[in-house]
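As structure tokens, the structure follows; a few thoughts come after it.
Here, each number is a calculation from the coordinates, and none is a lab measurement. These numbers come from a predicted model, not from an experiment. Cβ atoms come from the backbone with ideal geometry, glycine included; neighbour counts cover every protein chain shown.
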Amino acid sequence: MGYNILFISHLYPHKEDPAEGAVIHRQALALRARGHQVTIIAPRPISPRPLTLLSDKWARIYRIPRSYTWEGIEVHSPRYLTLPRKLLSSTRGTYMSRSIEKLLKRVTKKTYDLIHVHHGYPDGTAALDLGAKMKTPVATTFRGSDIDITLHQDEAHSRHILHVCRQSDALITPSPQLRKKLLDYEGYDSVHIGNGIYPEDRYTGEPERKPGPVILSVSRLLTQKGLDKNILALKELAPRYPEITYEIIGDGPARHIHKELVKSEGLEKHVRFLGTLPKAEVMKAMASATVFSLPSEQETFGLVYLEAMIHGTPAICCAGQGVDGIIKEKETGMLVESGDTAALVSALDFLLSNPDLAREIGNRGRETVMQNYTWERIGEQLEDLYETIIAKRPPGS
């Protein structure tokens, strides 16, 4: 018998931004595939008409329907009052809770086995208010913004986050690093349930072979993503690997900065800016690359690493970020310290000069992803956790 689950998340896909909260939607799809009913409440701040004329952000929010269906999942977007950050922004959880409560009474009129809220604040405080009134257990997923920003914003926000930690029936963190940060801060342990990928999306054709090794990055082009470190590392590697190529898929505001760096270092013949590509072409590039390198300094998770790993391509990430813990040094990938170009050169050179070892690392990485980080597996992990929570505190108790 399937559960009736209520998701609460202020981020969820919609026509204005199909990528917003996409991993949360995929969790909902994974649960539905296992026979559970999932209803989404994606609260949005009230967007007064005058603001929509002054800001694209507020205009987009205004155009989001109050109720809609996204790939067969029922979504409701009640509006709630939000005050400017300097004027009691820590009250957002209270206003969000009121708007959701009104919606539940007016529209859904369902009973739920469990509330799964996908952000510690303000969503978490709203979910706990509702859970107490509905006598329904609450599982809270903490995101990077909760732990790295909101928790340290000021005393009021810190108090809200710690309240959610204490009162939730279970805490979930999407990466091993976030789990460690939460544990180190106040001793709150959590269940690590990551994001996933669809194995059927991987490229299964013949990889494209190039004359020399190919380093690949797939990312929005932002300064914190570490692409400049790859470019500087390439300068050191090019004399040893004359036909080496660095391919960059993606676009963003730092594109011109990276292109200028490539030009100033005389690396134009080695670097290809490919822009945004269709998913199938990205997967083919993942399968064809020698190494995937994204030494990002700010990464909550990073699905692109998993997408590279599922193709057997060894991946490099920064220690303490995103998939550190999934990527284990010289076991399922390579770890480098943030900003350490010399360490990055060493890691790249190790993989390029030891193709047999690189292949073994890539194969172990692929096994790790297939065993633990497909959306089917994520659905199983969520179901197991829900079952444990509900057994301890059944709805209505």
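Among the helices of the chain, those built from whole DSSP H runs whose Cα atoms reach 20 Å or more along their own axis and whose mean Kyte-Doolittle hydropathy is at least -1.0 are 375-392. Using a cut-off of 15 Å between beta-carbons, work out the net charge of the residues near T204 (Lys and Arg +1, Asp and Glu -1, T204 not included). It works out to a net charge of -2.
For the chain, a Gaussian network of Cα nodes joined below 10 Å ranks D349, D146, D201 by mean-square fluctuation, and the top entry is D201. Pull out a ≥ b ≥ c, the square roots of the eigenvalues of the alpha-carbon gyration tensor of the chain, then state rounded if a/c is under 1.5, prolate if not and a/b is larger than b/c, and oblate in the remaining case. Since a/c reaches 1.5 and a/b is larger than b/c, the shape of the chain is classed as prolate.
Using the Cα gyration tensor of the stretch 199-372, with a ≥ b ≥ c the square roots of its eigenvalues, what is the shape: rounded (a/c below 1.5), prolate (a/b larger than b/c) or oblate (neither)? Please report the intermediate quantities before stating the final value.
On the way: a/c = 1.30, a/b = 1.27, b/c = 1.02.
Rounded is the answer for the stretch 199-372, as its axis ratio a/c remains below 1.5.
Using Cα-Cα distances under 8 Å and only pairs 6 or more residues apart, what relative contact order does the stretch 199-372 have, in percent? Mind showing how you got there, number by number?
On the way: 332 pairs, mean separation 42.6, N = 174.
It comes to 24 percent, rounded to a whole number.
Taking all Cα pairs closer than 8 Å and separated by 6 or more residues, the relative contact order of the chain comes to 14 percent.
Starting from the Cα gyration tensor of the stretch 300-397, take the square roots of the eigenvalues, sort them a ≥ b ≥ c, and report rounded, prolate or oblate (rounded when a/c is under 1.5, otherwise prolate if a/b is larger than b/c, else oblate). Prolate, because a/c is 1.5 or more and a/b exceeds b/c. Among R34, R377, R240, the residue with the largest mean-square fluctuation in a Gaussian network model of the chain, with springs joining Cα atoms closer than 10 Å, is R240. Under 5 Å from the amide H of E74 lie the amide H atoms of I40, each residue being 5 or more positions distant or on a separate chain, with H modelled from the backbone and absent for Pro and chain starts. GNM remark for the chain: springs join alpha carbons under 10 Å apart, and the peak mean-square fluctuation among L51, L31, L81 falls on L51. With respect to the cross-link table entries K225/K330; K269/K330; K181/K225; K57/K330; K181/K229, which display a Cα-Cα separation exceeding 32 Å? Among K225/K330; K269/K330; K181/K225; K57/K330; K181/K229, the Cα-Cα distance tops 32 Å for K57/K330.
Can you check what the net charge comes to around C317, using other residues whose Cβ is under 10 Å from the Cβ of C317 (Lys, Arg +1; Asp, Glu -1)? Taking every other residue near C317 into account, the sum is -2. DSSP bridge analysis restricted to the chain gives an antiparallel fraction near 10%, rounded to the nearest 5.
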